[in-house]
Amino acid sequence: MALRIGIIGCGGIGRTHFNAWSQAGYVPVALADTVPGAAVALAGTSGAQAYTDIATFLAEATLDIVSICTPPSTHRELVVAAMAAGVHVLCEKPLAPTVADCEAMIAAASSANKLLSVGFCHRFQPHIETMKSLIDGGAIGDVIMFRNRFAGHMPNVESKWFSDPALAGGGVMMDTSVHSVDLFRHLIGDAVSIQASAVTRTTELGPALRVEDTAVILLTSANGVIGTIEASWRTPPGEWVVTVYGTRGALTMDYDSMQLWQTDATGQRQQVTVADGDRFVNEVAHFAKCVTGQAQLRVTAADGLAATHILVTAATRAHG
Ligand SMILES: NC(=O)c1ccc[n+]([C@@H]2O[C@H](COP(=O)([O-])OP(=O)(O)OC[C@H]3O[C@@H](n4cnc5c(N)ncnc54)[C@H](O)[C@@H]3O)[C@@H](O)[C@H]2O)c1
């Protein structure tokens, strides 16, 4: 079925969505960005219509789906406007930086009777899909611990919106650990205990920020699995890894080498074969299937709300 796809926000992840939708067989037909020229630049030779006014874009483009790819604090207003225009929404993470914003977005989707999902793309990473089915199948026995580190160096973060609390709604936790928190909920379960420490300070890499640049979150699930989540924008060269430990071994997804490893209880390690696939292409293709009634949402807006709730709690614990 032909679907008319639009994108709001034509920066870094907007381009990723444009390419993912195109590879999934749905070349976007309309693009919007408030910065003049940004939508035109992304449209290139694709034939997509470019807009700078969001109301005109939503009124004229007759869309089925819009990807919202703008900074977090803009998500609520844009999702509510898209819902009022009768468009299904795939909103980038975080769904929104506050619980109240997430709830308003969920209410708007419900009254419009349109689908709302959030860009927790890691759930569509084939290695994570395989990891989940191995965990659920008992391959590492009873799960005991979860450890995740998404950390590296974001040059000049002090001059980007990521460190502007008004636009980002938080620091490295809201930006990066939102994925980690969702991975914990997806692979382990809901968190019943939340603790965190978060800092920023001037170093040779840059000045102290108005938000945290480095953080650790400690989660415990209802069945007693402990998770540590580490994030930083100031630790080159970086490490992007998720490990789940059980009574019979461990599974590690290493995003740097894009390899999944299984270690048994004796320490023998072997690489696990994983299907090919791109998480963003898989994510948008799944959302298209949901919109056409061929699948149920694997990531709901309620998942977005739950992650925001954990991050807001973590920020309160860390910053007081
Ligand atoms: N899923 C992922 O792995 C992933 C990766 C990167 C970013 N993100 C998320 O995607 C979103 C955008 O991040 P980015 O890195 O692409 O940022 P970016 O700065 O590269 O791009 C954002 C774009 O949105 C435009 N914009 C800002 N406010 C707008 C508004 N009100 N209406 C229309 N356009 C507007 C800006 O002009 C800019 O072109 C954020 O929520 C971020 O957390 C997700």
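The values are calculated or read from the model by the stated rules, or taken from the named source; none is laboratory data. Model, not experiment: these values are computed from the prediction. All Cβ positions, glycine included, derive from the backbone under ideal geometry; neighbour counts span all protein chains shown.
Taking residue 277 as meeting all but one of (1) surrounded by fewer than 18 Cβ atoms within 10 Å (Cβ to Cβ); (2) without any contact (Cβ under 8 Å) to a residue 40 or more places away in the chain; (3) not aromatic (Phe, Trp, Tyr), write down the number of the exception.
Answer for residue 277: the failing condition is (2).
When residue 177 is evaluated against the numbered criteria (1) in contact with a Ser or Thr (Cβ under 7 Å, 6 or more places away or on another chain); (2) more than 19 Å from residue 67 (Cα to Cα), which criterion, by number, is the only one it fails?
(1)
Give the residue that is farthest from residue 224 (Cα to Cα), with candidates limited to residues of the stretch 237-264 that are β-branched (Val, Ile, Thr) and in contact with a Phe, Trp or Tyr (Cβ under 6 Å, 6 or more places away or on another chain).
Initially, the stretch 237-264 is screened for residues β-branched (Val, Ile, Thr), giving 241-244, 247, 252, 263.
Next cut, in contact with a Phe, Trp or Tyr (Cβ under 6 Å, 6 or more places away or on another chain) only: 244, 252.
Numbers: 244: 14, 252: 20 Å.
My answer is 252.
For the stretch 70-100, give me the residue count where each residue is free of Cβ contacts under 8 Å to residues at least 60 places away in the same chain, under 16 Å from residue 166 (Cα atoms) and within 14 Å of the ligand (Cβ to nearest atom).
Number of matching residues: 3.
Please go through the stretch 289-306 and give me each residue that is over 18 Å from the mean Cα position of the chain (by Cα) and crowded, with 18+ Cβ neighbours inside 10 Å, ordered by number. Steps first, please.
Let us first name the residues in the stretch 289-306 that are over 18 Å from the mean Cα position of the chain (by Cα), namely 289-296.
The answer is 290, 291.
Take residues that are away from the ligand (no atom under 14 Å from the Cβ) and tell me which of the helices (runs of 4 or more DSSP H) falling wholly in the stretch 1-69 contain 1 or more.
12-23, 54-60
Scan the stretch 199-216 for residues that are of a type in the set (Gly, Ala, Ser) and surrounded by fewer than 21 Cβ atoms within 10 Å (Cβ to Cβ) and jot them down.
Answer for the stretch 199-216, where residues must be of a type in the set (Gly, Ala, Ser) and surrounded by fewer than 21 Cβ atoms within 10 Å (Cβ to Cβ): 206, 208.
Residue by residue through the stretch 238-292, note down the ones that are basic (Lys, Arg) and either in a strand (DSSP E or B) or closer than 19 Å to residue 143 by Cα (or both).
248, 269
Failed condition for residue 200, given (1) out of contact with any helix residue (DSSP H, G or I) (no Cβ under 6 Å at 6 or more places or on another chain); (2) within 16 Å of the ligand (Cβ to nearest atom); (3) under 22 Å from residue 98 (Cβ atoms); (4) not hydrophobic (A, V, I, L, M, F, W, C), with all others met?
(2)
Do we have residue 148 as touching a residue at least 12 places away in the same chain (Cβ under 8 Å), in contact with a helix residue (DSSP H, G or I) (Cβ under 6 Å, 6 or more places away or on another chain) and within 16 Å of the ligand (Cβ to nearest atom) here?
Values: touching a residue at least 12 places away in the same chain (Cβ under 8 Å): yes; in contact with a helix residue (DSSP H, G or I) (Cβ under 6 Å, 6 or more places away or on another chain): yes; within 16 Å of the ligand (Cβ to nearest atom): yes.
Criteria met by residue 148.
Of the conditions (1) touching a helix residue (DSSP H, G or I) at 6+ places or on another chain (Cβ under 8 Å); (2) not assigned by TED's automatic domain parsing to the domain that holds residue 255, residue 59 fails just one. Which one is it?
(1) is the only condition that residue 59 fails.
Only one residue in 42, 3, 63 is under 21 Å from residue 105 (Cβ atoms), modelled with pLDDT of 95 or more and surrounded by 15 or more Cβ atoms within 10 Å (Cβ to Cβ), so which one is that?
63
Can you give me the number of residues within the stretch 200-219 that are under 21 Å from the mean Cα position of the chain (by Cα), outside any loop (DSSP other than H, G, I, E, B) and either closer than 14 Å to residue 185 by Cα or of a type outside the set (A, V, I, L, M) (or both)? I'd like the intermediate steps shown before the answer.
Filtering the stretch 200-219 down to residues under 21 Å from the mean Cα position of the chain (by Cα) leaves 211-219.
Applying the additional criterion that residues be outside any loop (DSSP other than H, G, I, E, B) yields 214-219.
Narrowing further to those that are either closer than 14 Å to residue 185 by Cα or of a type outside the set (A, V, I, L, M) (or both): 214, 217-219.
Going through the stretch 200-219 one residue at a time, the tally reaches 4.
Scanning the stretch 220-255 for residues that are over 18 Å from the mean Cα position of the chain (by Cα) and under 26 Å from residue 204 (Cβ atoms), which turns out surrounded by the most Cβ atoms within 10 Å (Cβ to Cβ)?
If we take residues in the stretch 220-255 being over 18 Å from the mean Cα position of the chain (by Cα) and under 26 Å from residue 204 (Cβ atoms), then 234 is surrounded by the most Cβ atoms within 10 Å (Cβ to Cβ).
Which one is nearest to the chain's Cα centre (by Cα) among residues in the stretch 112-157 that are of a type in the set (Lys, Arg) and more than 21 Å from residue 298 (Cβ to Cβ)?
Per the stated criteria, the residue is 149.
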